[in-house]
Amino acid sequence: QLQLVESGGGLVQPGGSLRFTCTASGFSLDYSTIGWFRQAPGKEREGISCVRSTDDSTYYEDSVKGRFTISRDNAKNTVYLQMNSLKPEDTAVYYCAARLTIISVQAMCRTSIKNYWGQGTQVTVSS
């Protein structure tokens, strides 16, 4: 079955860190645009960071700049999100997503059209 599988969520204290992993199963991310999205209760889903598989072009939403880092490992068919200095407002369900084409990273984080979505995983930042 074609799917994106996420891992790495959980409960963390303010100022703490988490690392998300998103691995493609049944298809390749070698030629794709990939991103991380989040949705807080009662809020719209928003793109927070996106990357292209074919170059080092990246995008970060302003609220996570300097704290989150997106990276990829094409050999492992995997994308990562390192999350540092976490704040309570980072609490949300986080999703990875992919389009099997090359588009701008800004467009990837903005558009609702995706080929594949991960299952979603909860991040809770609280004392």
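Here is a yes/no grid of residues against (1) farther than 23 Å from SER126 by Cα; (2) of a type outside the set (Lys, Arg); (3) touching a residue at least 60 places away in the same chain (Cβ under 8 Å); (4) surrounded by 15 or more Cβ atoms within 10 Å (Cβ to Cβ):
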| position | (1), (2), (3), (4) |
| --- | --- |
| PRO14 | no, yes, yes, no |
| SER17 | no, yes, yes, no |
| TYR31 | yes, yes, yes, no |
| TRP36 | no, yes, yes, yes |
| ALA40 | no, yes, no, no |
| CYS50 | yes, yes, no, yes |
| ASP55 | yes, yes, no, no |
| ARG67 | no, no, no, yes |
Note on region 47-72: residues modelled with pLDDT of 95 or more, of a type in the set (Asp, Glu) and either over 28 Å from GLN13 (Cβ atoms) or not in a loop (DSSP other than H, G, I, E, B) (or both) are ASP62
In region 1-43, anything over 12 Å from VAL79 (Cα atoms), assigned to a strand (DSSP E or B), out of contact with any Leu (no Cβ under 8 Å at 6 or more places or on another chain) and not aliphatic (A, V, I, L, M) is listed as GLN3, PHE37, ARG38, GLN39
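Considering every residue within region 70-80, establish whether at least one is of a type in the set (Asp, Glu) and closer than 19 Å to GLN3 by Cα.
Keep residues of region 70-80 that are of a type in the set (Asp, Glu), which gives 73.
Next cut, closer than 19 Å to GLN3 by Cα only: 73.
Yes, some residue in region 70-80 is of a type in the set (Asp, Glu) and closer than 19 Å to GLN3 by Cα.
Name the single residue that is modelled with the lowest pLDDT among those in region 87-112 being under 15 Å from the mean Cα position of the chain (by Cα) and part of a loop (DSSP other than H, G, I, E, B). Write out each step before concluding.
Step one: list which residues in region 87-112 are under 15 Å from the mean Cα position of the chain (by Cα), which gives 90-99, 105-112.
Still in the list and also part of a loop (DSSP other than H, G, I, E, B): 91, 111-112.
Values: THR91: 97, THR111: 85, SER112: 79.
Selected residue: SER112.
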When every residue in region 94-119 that is of a type in the set (A, V, I, L, M) and in contact with a Ser or Thr (Cβ under 7 Å, 6 or more places away or on another chain) is compared, the one most open to solvent (accessible area, probe 1.4 Å) is LEU100
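The values are calculated or read from the model by the stated rules, or taken from the named source; none is laboratory data. Just so you know, these numbers come straight off a predicted model, no measurement behind them. Neighbour counts are summed over all protein chains in view; Cβ atoms, including those assigned to glycine, are modelled from backbone coordinates with ideal geometry. To get the accessible areas, we keep the full protein, side chains included, count just its heavy atoms, and leave off ligands, DNA and RNA. Shrake-Rupley method; radii C 1.70, N 1.55, O 1.52, S 1.80 Å.
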